Amino acid sequence: MARAVAGDTAAFERLYRAHVPRILALTRRMAGADRADELTQDVFVRAWQKLALFRGESSLATWLHRMAVNVVIEQFRTLGTARERFLPEGDDVLTRVAAPTVAERGWHAAMDLDVAVNRLPPGARAVFVLHDVEGYKHEEIGTLLGVSVGTSKSQLHRARMSLRGHLTATEAAS
Amino acid sequence: MSTHPLDALSGYLDDDLDVPARAAIDVHLAACEPCRAVLADLTAVRNAATAWRDVETTTPADLWPGIAARLAGPREVASAAAPREAASAPRVAWYQRRWSVGLPELALAATVLAAVGGTLLWPRATTPVPAVEAPAPIIAEADAFDSGEAQATPVNFADAQYDAAVVDLERVLREQRDGLDPRTVVVLERNLRIIDDAIREAREALATDPANALLNAHLAGARQRKLDLLRRAALITEGD
Ligand SMILES: [Zn+2]
């Protein structure tokens with residue numbers, strides 16, 4: 001660590017090797033495979049630039065993780081309008097009350113999740129990944145995304161309902 | 001029963017409702033099968049997300065050369081000492097390079113690689129979500145998958161080159177095992193076991209559903225992790 005701070009790229013490379021699997025998994029979940037490599041590189045370049053600011057208050061893993069979330073969020077802020085970033089507040093995704101259940105298909109649901117999540121608008125996707133996958137609280141997500149806690153909660157619900165619909169359809173079609 | 005409280009079901013699932021609201025949902029759910037089904041689905045989606053957290057991705061491309069080339073720029077606070085090997089890092093697989101990582105770091109790398117028990121290394125970014133049971137590798141529930149589907153193109157598991165490499169590396173490890181730090185051996189063998197289990201389960205699932213692209217990708221990933229882990233371990237033994 002100290003050597004990486006001092007400018008030792010070999011030391012920094014070891015740090016990169018130890019942490020890249022987790023960071024790449026995160027950027028793929030949040031932004032999709034298409035952009036994940038580039039974003040992951042951005043994360044580590046930024047980490048290199050800011051390494052001296054790392055205070056050791058959290059683990060290095062946590063520090064990098066937060067940095068990765070920020071890099072992804074900054075990037076998708078530049079994509080599309082606010083309206084396109086979130087699922088509509090209408091009830092169109094909420095009408096599938098009687099659709100066949102995918103409960104007890106947890107395994108299949110997980111296998112298809114990256115495909116299904118790819119279809120969510122970036123904001124709804126970020127809320128879902130941050131909350132249900134990464135364990136962030138709605139208050140934190142609201143701050144990160146610049147939305148209210150209520151929006152984070154309703155987007156999470158809509159994302160889950162939307163994923164449910166997709167997974168159900170996949171199940172029925174297979 | 002005219003209005004289903006669908007909008008409240010995620011809050012209900014996350015235990016994010018006040019007592020009266022929760023009680024009202026309880027009453028409704030007791031009498032409404034469709035809403036119970038939706039709640040079960042939302043639970044399945046959330047559980048799938050939890051399991052997803054621990055699914056590691058293999059790195060198909062080495063991103064390091066692209067990073068190294070960008071490290072020459074200004075850094076915050078730190079001195080602007082010119083990085084020695086900043087530009088034009090040769091595109092050599094990292095495990096073919098010099099090995100200067102110590103045994104504890106190998107153990108760490110092995111843990112990362114095994115990639116199944118993500119909690120070993122990775123603290124949650126924030127306070128953990130309410131303790132769900134530690135998610136099993138998603139593949140472990142493959143039995144739940146529909147069987148009896150049409151059989152499509154079978155997968156060729158017998159990749160002779162891969163198998164030969166694994167056999168070779170396993171032999172090196174067996175021979176050098178005594179020279180390794182016992183703690184490293186424990187971590188290595190545990191992680192190899194985890195990967196082998198994942199491979200076996202993926203193959204069993206594929207026997208039922210040979211055309212499943214995601215299962216195939218999962219198997220390929222597990223095999224790649226095993227190979228990577230063995231290579232690193234073999235390099236360590238050489239370095240000793
Ligand atoms: Zn109902």
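The values are calculated or read from the model by the stated rules, or taken from the named source; none is laboratory data. These numbers were taken from a predicted model, which means no experiment stands behind them. Quick reminder, even Gly has a Cβ in these numbers, built from the backbone with ideal geometry, and neighbours come from all protein chains shown. These area figures cover heavy atoms from the full protein model, side chains too; ligands, DNA and RNA do not enter into them. Shrake-Rupley method; radii C 1.70, N 1.55, O 1.52, S 1.80 Å.
Structure notes:
- Distant-in-sequence amide contacts of A:ASN118, defined by a placed amide H-H separation under 5 Å and a gap of 5 or more residues or a different chain, comprise nothing.
- Our coupling estimate for region A:149-155, obtained by passing each phi through the Karplus curve with A = 6.51, B = -1.76, C = 1.60 and θ = phi - 60°, is 4, x, 5, 4, 5, 6, 5 Hz, Gly and Pro reported as x.
- The interface between chain B and chain A buries about 6800 Å² of solvent-accessible area in total (1.4 Å probe, ligands and nucleic acids excluded).
- Between region B:160-179 and region A:1-76, the alpha-carbon center distance in angstrom: 33
- At a threshold of 40 Å², the residues of region A:115-133 that become less accessible to a 1.4 Å probe in the full protein assembly than in their chain on its own are A:ASP132, A:VAL133.
- Amide H within-cut-off set for A:PHE54, under 5 Å, with H built and near neighbours excluded: none
- Surface composition of region A:2-79: carbon and sulfur atoms hold 46% of the protein heavy-atom accessible area at a 1.4 Å probe.
- On the beta carbon distance between B:ALA40 and A:GLU89, with R0 = 25 Å, the FRET formula returns roughly 0.50.
- Under 5 Å from the amide H of B:ARG70 lies no amide H of any residue 5 or more positions distant or on a separate chain, with H modelled from the backbone and absent for Pro and chain starts.
- ³J(HN,Hα), Karplus 6.51/-1.76/1.60, whole Hz, each residue of region A:37-50, x for Gly, Pro: 4, 5, 5, 5, 4, 4, 4, 6, 5, 5, 4, 4, 5, 9
- Neighbouring partner chain Cβ atoms per residue of A:149-160, average, 10 Å criterion: 3
- With R₀ fixed at 45 Å, the C-beta to C-beta distance from B:GLU189 to A:ASN118 puts the FRET efficiency at about 0.75.
- Inter-chain shielding of B:5-18 (mean C-beta neighbours from other protein chains, 10 Å cut-off): 3
- Counting, for every residue in A:46-57, the Cβ atoms of other protein chains within 10 Å of its Cβ and taking the mean gives 3.
- Derived scalar couplings between HN and Hα for region A:115-122 equal 5, 5, 5, 4, 8, 6, x, x Hz in order, rounded to whole Hz, by the Karplus curve 6.51 cos²θ - 1.76 cosθ + 1.60 (θ = phi - 60°), x for Gly and Pro.
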